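Undergrad: What follows is a single structure, and I will ask about it in a moment.
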Amino acid sequence: MADLRIFSTLGVVSVLEELLPRLGLKVDPVFEPTKRLMDRIAAGERADLAILTSEAIDELMASGVLVPGSRFDLARSYVGMAVAPGAPRPDISTVDAFRATLLAARTIAYSRAGASGIFFAGLLERMGLSAEVNAKATIIPSGFTGQLLLDGKVELAVQQVSELMAVPGIDILGKIPMEIQPDTIFSAALFAGTARAQEARDFVAAVSGLSVAALYREKGLQPV
């Protein structure tokens, strides 16, 4: 029988990559930003299980692509910022300090299709910084912004903390101030019509709960 096919956001990739060998689960994972996966689903692609932002899960359940009522929340995620190893560590502890850091940076990276990048683009608009920051920003289509720090291409990288942690060696400054954080939850749900509903439920049970809560925290996520 074919492996369980999973469409998963990059936000939990570090958790799943560690869990899957440990659990001995046979899966065929596709890791991409939520928006990219939503585009693939809209084009007709299907899997057995989706792990996306809760908003995307709800949208797909409402349209019948995912099984209504099958949503299972896995973890809450936070947006953070990082610098290259050994680089100065600017202050992002308050909204004013965060603003000053954005204005002072010569280069910055964020993701076009990821939940953090979509949020960050909107945040820049709300803070009145869109023109100034985007003029010096590298906006990647997908992948990990932290890699650009290691490549020496940018001074600052913005992404989910869990995604920043997926790039070994970079220096994570921490979360952006909580008063401007988005409320991002990564959730799982079954695709309608999957022939492997029970295997999908078993998978969700294996990657959630108290037995793996510490791993989620270690990877920068808060289990829910």
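Undergrad: Test each condition in (1) farther than 19 Å from P182 by Cβ; (2) more than 17 Å from the chain's Cα centre (by Cα) for S130 and report the one that comes out false.
TA: Here S130 meets the rest and fails (1).
Undergrad: Something else about it: Yes or no: segment 52-59 includes at least one residue that is in a loop (DSSP other than H, G, I, E, B), hydroxyl-bearing (S, T, Y) and either in contact (Cβ under 8 Å) with a residue 12 or more places away in the chain or outside the structural domain of M127 (by TED's automatic domain parsing) (or both).
TA: To start, the set of residues in segment 52-59 that are in a loop (DSSP other than H, G, I, E, B) comprises none.
Taking every residue of segment 52-59 in turn, none turns out to be in a loop (DSSP other than H, G, I, E, B), hydroxyl-bearing (S, T, Y) and either in contact (Cβ under 8 Å) with a residue 12 or more places away in the chain or outside the structural domain of M127 (by TED's automatic domain parsing) (or both).
Undergrad: Can you say whether Q198 is surrounded by fewer than 19 Cβ atoms within 10 Å (Cβ to Cβ), of a type outside the set (A, V, I, L, M) and within 26 Å of A62 (Cβ to Cβ), as far as the supplied structure shows? Can you show your working first?
TA: Numbers: surrounded by fewer than 19 Cβ atoms within 10 Å (Cβ to Cβ): yes; of a type outside the set (A, V, I, L, M): yes; within 26 Å of A62 (Cβ to Cβ): yes.
For Q198, the condition - surrounded by fewer than 19 Cβ atoms within 10 Å (Cβ to Cβ), of a type outside the set (A, V, I, L, M) and within 26 Å of A62 (Cβ to Cβ) - is met.
Undergrad: Hey, does segment 93-114 have a residue that's aromatic (F, W, Y), surrounded by 15 or more Cβ atoms within 10 Å (Cβ to Cβ) and within 29 Å of S208 (Cα to Cα)? Don't jump to the end; show me each part of the working.
TA: Initially, segment 93-114 is screened for residues aromatic (F, W, Y), giving 98, 110.
Restricting the remaining residues to those that are surrounded by 15 or more Cβ atoms within 10 Å (Cβ to Cβ) gives 98, 110.
With within 29 Å of S208 (Cα to Cα) added as a condition, the list becomes 110.
Yes, the conditions are met somewhere in segment 93-114.
Undergrad: Here is a follow-up. If I ask for residues that are of a type in the set (A, V, I, L, M, F, W, C) and touching a Leu at 6+ places or on another chain (Cβ under 6 Å), which ones from segment 16-48 would you list?
TA: Kept after step one, since they are of a type in the set (A, V, I, L, M, F, W, C), are these residues of segment 16-48: 16, 19-20, 23, 25, 27, 30-31, 37-38, 41-43, 47.
V27, F31, listed by residue number.
The values are calculated or read from the model by the stated rules, or taken from the named source; none is laboratory data. Please read these numbers as outputs of a predicted model, since none were measured by experiment. Positions of Cβ are backbone-derived with ideal geometry, glycine not excepted, and every protein chain shown enters the neighbour counts.
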